[in-house]
Amino acid sequence: MSEVVGGRRKDVVTGFLDVVGKFGAQMPGPATMVRSSAIPAGGFNDEICTASDWLFQIDVSSQGHVARIDTPLAIYRQDLTNVGQRYFSYSDDFLKTLTIVEERYGSRPGIHSAVRRGARRFLLGITYRALEQDRPDLAVNYGRELTNYSPKFVSGAVVALARVPGTGSALRAAKSFLKRYV
């Protein structure tokens, strides 16, 4: 089975604030082309073990224009041993990335709201994934973390949903809505 990475219209990034705020909609890694002058002097940040590609993409996009070519240019294989299957073990890297972005680019217009949006998208996604993996304990913890990035009622609703058995599909529908509007 094959599918196109980032094929959903809502996942298209058009610039710096999109790369920050649309967590999960990064420029697909295996076929990203970058002008050498846009590469950060230090390259990948080894302070962030797993999510350093997202920070790299943020740093690169901060240098100028981002464009998307809608033609598949690479193929890669996924299996159950890929790092994406161990999501919970490195989830803190994503929030740490946003902290670094806030420190580096905090004076730019729109960055604070983009960071909050990126955090909400990440936390809603990982909360859903925790429920999907039958880990309501983690789902509740991630839902509580939403309080730092969204109105209290959003966090409360997500935590309440996470505590009810079998609500994964309801949270999936809510996640899609909330990613766009909260």
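Values in this text are rule-based calculations from the coordinates and carry no lab data. Predicted model only: the values in this text are computed from it and were never measured. So basically every Cβ, Gly included, is an ideal-geometry build from the backbone, and we count neighbours across all protein chains shown.
Using a 10 Å cut-off on Cβ atoms, rank the peptides 142-151, 117-126, 54-63 from the highest mean neighbour count down. Could the numbers behind the result be given before it?
Details: 142-151: 19.2, 117-126: 24.0, 54-63: 21.3.
Highest mean packing first, the order is 117-126, 54-63, 142-151.
Of HIS65, HIS112, how do they rank once you tally other Cβ atoms within 10 Å and put the fewest first?
Working: HIS65 10, HIS112 13.
Ranking HIS65, HIS112 by Cβ neighbours within 10 Å, fewest first, gives HIS65, HIS112.
Please give the FRET efficiency for ASP137 paired with SER113, using the beta carbon to beta carbon distance and R0 = 35 Å, rounded to the nearest 0.05. Before the final figure, lay out each step's value.
Details: r = 30 Å, r/R0 = 0.87.
Computed FRET efficiency for ASP137 and SER113: 0.70.
Within region 48-64, list the residues whose amide N lies under 20 Å from a label point set 7 Å along Cα→Cβ of ASN148.
48-56, 58
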